[in-house]
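Undergrad: Take a look at the following structure, please.
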Amino acid sequence: QVQLVLSGGGLVQAGGSLRLSCAASGSIFSILAMSWYRQVPGKQRELVAAIRSAGSTNYADSVKGRFTISRDKAKNTAYLQMNSLKPEDTAVYYCNMRVIGGDYWGQGTQVTVSS
């Protein structure tokens, strides 16, 4: 059974930084991509950043230049370094792992940015 465990959320002032981690465990064979999504109440979940197996990345326009996605293949862990945080970054952040045959989701972690 595959599990994704998130850590690193919390409360930070505007302009501050947080680092999220997503550690995958279980029977993992071929990871195609790992991604971070976020969701605020009443809105659809949106893609924040993704990193593919070959290392290519993409970001939402709203976070380009502020957020960086990375991964440690040996640890099956993805990271999201979030700098220059803004109040509008406040959301529940989710980790997604795409493998051949489907997707896995982490439980979500709250990020709150105060003004």
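Undergrad: Among the residues of segment 66-82, count how many are part of a loop (DSSP other than H, G, I, E, B) and either at pLDDT below 95 or within 15 Å of Gly26 (Cα to Cα) (or both).
TA: Taking segment 66-82 and keeping what is part of a loop (DSSP other than H, G, I, E, B), we get 66, 76.
If we keep only those that are either at pLDDT below 95 or within 15 Å of Gly26 (Cα to Cα) (or both) too, we end up with 76.
So the answer is 1.
Undergrad: Same structure again: Sort out for me the strands (runs of 3 or more DSSP E) sitting completely within segment 3-63 that have 1 or more residues that are crowded, with 19+ Cβ neighbours inside 10 Å.
TA: Values: elements: 3-7, 10-13, 18-25, 31-39, 46-52, 57-59.
By residue number, 3-7, 18-25, 31-39, 46-52.
Undergrad: Let me ask you something else. With the condition kept exactly as written, say whether any residue in segment 87-104 is acidic (Asp, Glu) and without any contact (Cβ under 8 Å) to a residue 24 or more places away in the chain.
TA: Yes - at least one qualifying residue is present in segment 87-104.
Undergrad: Name every residue in segment 50-60 that is more than 20 Å from Gly15 (Cβ to Cβ) and at pLDDT 95 or above, in order of residue number.
TA: Filtering segment 50-60 for residues more than 20 Å from Gly15 (Cβ to Cβ) gives 50-58.
Across segment 50-60, the qualifying residues are Ala50, Ile51, Arg52, Ser56, Thr57, Asn58.
Undergrad: Anything in segment 85-115 that is on the phi > 0 side of the Ramachandran plot and either in a helix (DSSP H, G or I) or open to solvent by 60 Å² or more (accessible area, probe 1.4 Å) (or both)? List them, or say none.
TA: Gly101 - this is the single residue of segment 85-115 that is on the phi > 0 side of the Ramachandran plot and either in a helix (DSSP H, G or I) or open to solvent by 60 Å² or more (accessible area, probe 1.4 Å) (or both).
Undergrad: So in segment 65-84, with the set limited to residues that are more than 23 Å from Leu11 (Cβ to Cβ) and within 13 Å of the chain's Cα centre (by Cα), which one is surrounded by the most Cβ atoms within 10 Å (Cβ to Cβ)?
TA: Arg71
The values are calculated or read from the model by the stated rules, or taken from the named source; none is laboratory data. In this text the structure is predicted, and so the values were computed from the model without any measurement. With ideal geometry, Cβ positions are generated from the backbone for all residues, glycine too; neighbour counts draw on all protein chains shown. Each accessible area value is taken on the protein alone, full model and side chains, heavy atoms only, with ligands, DNA and RNA left out. Shrake-Rupley method; radii C 1.70, N 1.55, O 1.52, S 1.80 Å.
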